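What follows is a set of notes on a single structure, which appears directly below.
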Amino acid sequence: LLMAAVALRIGRSLLETGRAGLWSALLKLHVVALIAAAAGLWLWKPQQIKPPTWAVAGFVVVGLIFLAALSIRRVRRGMSVEHSAVALTLFAALFMGTMSVHGTLWRAKRFDHRRFALRIASIVKPTDPLLGWWHAWDIERYYIDRNIPMLRDEAALASVIREHSFAWVLVDLDNVPVLPDDLHKQVELRDDFSDPGDDDDRVELWRLTLVQDPDRGHAQPAGQ
């Protein structure tokens, strides 16, 4: 709302000071930017989340019609600041709708995390303790539809395991906890969401249990 209010104030000021051409140029600049963004996303997004050609083509056509209308002096004179702002807002909403057909504004990794989350849901019971190590695991939390407490303290992690005798833990292999002697790790799931030129994103689902025989394990980086 604040941005809209500022835009309207700028538009009125330009019209009142005889600079209607500058207001029209600003509108055209926004339209061109949205058209360029749509074309760029269509060209460079991975196939999985690329916007459909028909949607982008339709959006570009609407944008060109909008630009043509803004170039007609009679149309510009008959269009108030409020009307032109509403028209631009509707065009921006059309852009968001076009990009939402295949989830283009998401990162492709989101789909990988969704697949990983659904695999977690098929293994972990709703009543089982499920923890997230170091990260918030927001995407997994969303698709599993349950809270995943985040821990960054190894003593707190061990305390939860000892309290429940076991727990499931989501771990990013770039930052793994060190397990004490009385905990045993079993890797249930492993996935790699790495993209070319992007940071590695290797994740695992662990089942941590209390070791009955103290000689069974020893403290070590748990990712090993």
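The values are calculated or read from the model by the stated rules, or taken from the named source; none is laboratory data. Every value quoted in this text rests on a predicted model; they were computed, and no experiment measured them. Counting neighbours? That spans all protein chains shown, and the Cβs are built from the backbone with ideal geometry, glycine included.
Brief remarks follow.
Yes or no, residue by residue, for (1) loosely packed, with under 13 Cβ neighbours inside 10 Å; (2) modelled with pLDDT under 80; (3) assigned to a loop (DSSP other than H, G, I, E, B); (4) over 34 Å from the mean Cα position of the chain (by Cα):
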| residue | (1), (2), (3), (4) |
| --- | --- |
| Val6 | yes, yes, no, no |
| Gly18 | yes, yes, yes, yes |
| Leu26 | no, no, no, no |
| Gly40 | yes, no, no, no |
| Ile65 | yes, no, no, no |
| Ser84 | no, no, no, no |
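- Looking across the stretch 12-40, the residues that are touching a residue at least 40 places away in the same chain (Cβ under 8 Å) and either in contact with a Leu (Cβ under 8 Å, 6 or more places away or on another chain) or among the polar types (S, T, N, Q) (or both) come down to Ala20, Trp23, Ser24, Leu27, Lys28, His30, Val31.
- Pair list, Cβ < 7 Å and 6+ apart or interchain, from the stretch 147-162 residues that are closer than 18 Å to Lys125 by Cα to residues that are in a loop (DSSP other than H, G, I, E, B): Ile148/Trp137; Val160/Pro129
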